[in-house]
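Q: Here you go, one structure.
All of the numbers you see were taken from the coordinates with simple rules; none came from a lab. Bear in mind the structure is a predicted one, so any value in this text is a computation, not a measurement. In this analysis, Cβ positions are derived from the backbone assuming ideal geometry, glycine residues included, and neighbour counts consider all displayed protein chains.
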């Protein structure tokens, strides 16, 4: 894969800034996915307290990632809604009211 190399100083700077932003965004998306995965793992163990704690952490991470512009606010809201629905279904199945 051949890449066009920039010759202009400002273009070189933009390439470097874009590279750094890409790495930052990748880390943020990974952090959000990991938080959701850890919530689902806690849910699978059946431990309500741990699942609730992991749910709060996942929601916090999703809010942070959305605020920084890494994830669209609507996408973050959709993911928060889905994991909350999973938690509520878990509570319902366990026979607890939400």
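Q: Residue 22 is checked against (1) in contact with a helix residue (DSSP H, G or I) (Cβ under 8 Å, 6 or more places away or on another chain); (2) in a helix (DSSP H, G or I) and fails just one. What number does that condition carry?
A: Exception for residue 22: condition (1).
Q: Continuing with this model, one more query. For residue 29, all conditions in the list (1) within 14 Å of the chain's Cα centre (by Cα); (2) closer than 30 Å to residue 6 by Cα; (3) part of a helix (DSSP H, G or I); (4) free of Cβ contacts under 8 Å to residues at least 24 places away in the same chain hold save one; what is the number of the exception?
A: For residue 29, the exception is condition (4).
Q: Can you pull out the residues in the range 68-98 that are surrounded by 16 or more Cβ atoms within 10 Å (Cβ to Cβ) and within 12 Å of the chain's Cα centre (by Cα)?
A: Hits for the range 68-98 are 70, 71, 76, 79, 80, 83.
Q: Tell me whether the range 26-47 contains one or more residues that are surrounded by fewer than 13 Cβ atoms within 10 Å (Cβ to Cβ), out of contact with any helix residue (DSSP H, G or I) (no Cβ under 6 Å at 6 or more places or on another chain) and more than 27 Å from residue 90 (Cα to Cα).
A: yes
Q: Any residue that is in contact (Cβ under 8 Å) with a residue 24 or more places away in the chain and surrounded by 11 or more Cβ atoms within 10 Å (Cβ to Cβ) - is there at least one of those in the range 2-17?
A: No, the range 2-17 has no match at all.
Q: Which count do you get for residues in the range 40-98 that are over 24 Å from residue 23 (Cβ atoms) and in a helix (DSSP H, G or I)? Show your work before the answer.
A: The initial filter retains those residues of the range 40-98 that are over 24 Å from residue 23 (Cβ atoms), namely 40-56, 59, 74, 77-78, 80-98.
Now restrict to residues that are in a helix (DSSP H, G or I): 40-45, 48-56, 59, 74, 77-78, 80-94.
Going through the range 40-98 one residue at a time, the tally reaches 34.
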